[in-house]
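Contents: one structure, followed by commentary.
The values are calculated or read from the model by the stated rules, or taken from the named source; none is laboratory data. Model, not experiment: these values are computed from the prediction. Cβ sites come from the backbone with ideal geometry, for glycine too, and all protein chains shown count toward neighbours. Side chains are part of the model used for accessible areas, which takes the heavy atoms of the whole protein and leaves out ligands, DNA and RNA. Shrake-Rupley method; radii C 1.70, N 1.55, O 1.52, S 1.80 Å.
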Amino acid sequence: YAKKKQGTAIQFFNSALLKAFKDDAQIERDLHAAIRGRQFELYYQPLKDLQSCSYIGAEALIRWHHPKRGVLYPGAFIDIAEQSGLINAIGTWVLEAACRQLNLWQHHNINIAMHVNVSARQFFGSNLYEQVWQLLNRYRLKPGTLILEITETELMEDIRYATNLCQELADLGVGLAIDDFGTGYSSMRYLKQFPISKLKIDRSFISDLSISRESREIVSAIIAMAKALNISLTAEGVETAEQERFLTSCMCHQAQGFLYSPALREAEFSAFLQQSQPALLH
Ligand code: C2E
Ligand code: MG
Ligand code: MG
Ligand code: MG
């Protein structure tokens, strides 16, 4: 009986694994078509300044309009794109689309910063510096308005290279934000070495604020540290007014989360800004 049961378990495991493998292979094939067929779209999530209570930024978040599966979130395909190398083509498209949109906003006097997620392969692999340089020139973007987001674990992959590239990007007027801060293995030592302009406290700390004294201590310590180092700070995943009140009391700079808005298509994002702060638009 035990043997039979074990056999079934193995069989089940194998078929589940095989299915996952086939799904991934299918996603990878579909990604090729998606890149050629313009099936991606950037959505924008607003970032709120907690002192002025106005929206001062947007994070570009990719969505895939899959012809059969409907709208896919990055969790369903970014890892596969990363492993297969397709992330370079996708990342190039994302940067282009985000800069084109930022140019349009600036043209309409919408003065907000654009945050763009960059994967490790994109950061270390290709010609990120040249790409960014060309885009800044092509779209005449105001200095300080483009901010690249990368996770601390990714940055640590090659510290010397990362330090140089960050410095070169900073010299171009491009900001660098550490995404999901607190979840990777970072070293406090590098915070002073890297020309980092911003930390984004990971959502897991924020969602625990009301139930965990430890999370409150950690968050207020990160905020104090960022302040002392003159690094700006965004809390990710803010969902309740109570969380916002705590962050405001700790003098956290900015917040982002469903309390304000999820990521929106461009037209809806513009409408959201107009509605929440009419003065921002001419
Ligand atoms: P991230 O950079 O940490 O982005 C924040 C994620 O949290 C987004 O998920 C956003 O929709 C979600 N979020 C925002 N506020 C809340 C909240 O209040 N509650 C909850 N539960 N979630 C919230 P999304 O859009 O699914 O993206 C997931 C991740 O995929 C991103 O995490 C980012 O690492 C990656 N990603 C997204 N777009 C791109 C891209 O264009 N390029 C690359 N390389 N990665 C991307
Ligand atoms: Mg991000
Ligand atoms: Mg990220
Ligand atoms: Mg994050």
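For the chain, max minus min Cα coordinate along each principal axis, in Å, sorted largest first?
69, 47, 43
Between residue 109 and residue 168, how many nm apart are label points set 7 Å from Cα along the C-beta direction?
Result for the modelled spin labels: 3.8 nm.
Would you kindly derive the ³J(HN,Hα) couplings of segment 112-119 from the backbone phi angles with the Karplus curve 6.51 cos²θ - 1.76 cosθ + 1.60 (θ = phi - 60°), listing them in order in whole Hz, with x for Gly and Pro?
With the stated coefficients, segment 112-119 comes to 10, 8, 9, 9, 10, 6, 10, 8 Hz.
Could you give the length gained by full extension between residue 159 and residue 96, i.e. 0.36 nm per residue of separation minus their alpha carbon distance, to one decimal place? Numbers along the way, then the final one.
Numbers: separation 63, 0.36 × 63 = 22.68 nm, distance 2.65 nm.
Stretched out fully, the residue 159 to residue 96 stretch lengthens by 20.0 nm.
Taking amide H atoms as placed 1.01 Å from N in the peptide plane, list the residues 5 or more away in sequence, or in a different chain, whose amide H sits under 5 Å from that of residue 59.
Residues meeting the criterion, in which the H sits 1.01 Å from N, are 45, 47, 115.
Determine the gain in length on full extension of the stretch residue 239-residue 216; use 0.36 nm per residue of separation and subtract their C-alpha separation, reporting nm with one decimal. Walk me through the numbers on the way to the answer.
Values: separation 23, 0.36 × 23 = 8.28 nm, distance 1.54 nm.
Computed gain between residue 239 and residue 216 is 6.7 nm.
Of the cross-linked pairs 142/192; 19/200; 19/48; 48/142; 142/227, which ones have a Cα-Cα span greater than 30 Å in the structure shown?
Working: 142/192 26 Å; 19/200 36 Å; 19/48 42 Å; 48/142 20 Å; 142/227 25 Å.
Those over the limit are 19/200; 19/48.
Using a Förster radius of 25 Å, what is the FRET efficiency between residue 18 and residue 71 based on their Cβ-Cβ separation? Nearest 0.05, please.
The computed FRET efficiency comes out at 0.40.
Report the antiparallel proportion of the DSSP beta bridges in the chain as a percent, rounded to a multiple of 5. Spell out each step's value before the answer.
Values: 16 of 38 bridges.
Around 40 percent antiparallel, to the nearest 5.
7 Å from Cα along Cα→Cβ at both residue 126 and residue 185: what's the point-to-point distance in nm?
Using points 7 Å along Cα→Cβ, the separation is 3.0 nm.
Please return the longest stretch of the chain lacking exposed loop sites, where chymotrypsin sites (Phe, Trp or Tyr not before Pro) count only if DSSP places them in a loop and at most 13 other Cβ atoms lie within 10 Å.
Numbers: sites that count: 1, 185, 258.
Looking at the chain, 2-184 is the longest stretch - no exposed chymotrypsin sites (Phe, Trp or Tyr not before Pro) with at most 13 other Cβ atoms within 10 Å.
Express the accessible area of the chain per residue in Å², computed with a 1.4 Å probe while the remaining protein chains stay in the model.
Working: 14870 Å² over 282 residues.
Spelled out: the 1.4 Å probe surface of the chain, per residue, equals 53 Å².
Please report, as a whole percent, how much of the solvent-accessible surface of the chain comes from carbon and sulfur atoms (probe radius 1.4 Å). Write down the numbers at each step before the final one.
Details: 8080 of 14870 Å².
Result for the chain: 54 percent of the exposed heavy-atom area is carbon or sulfur.
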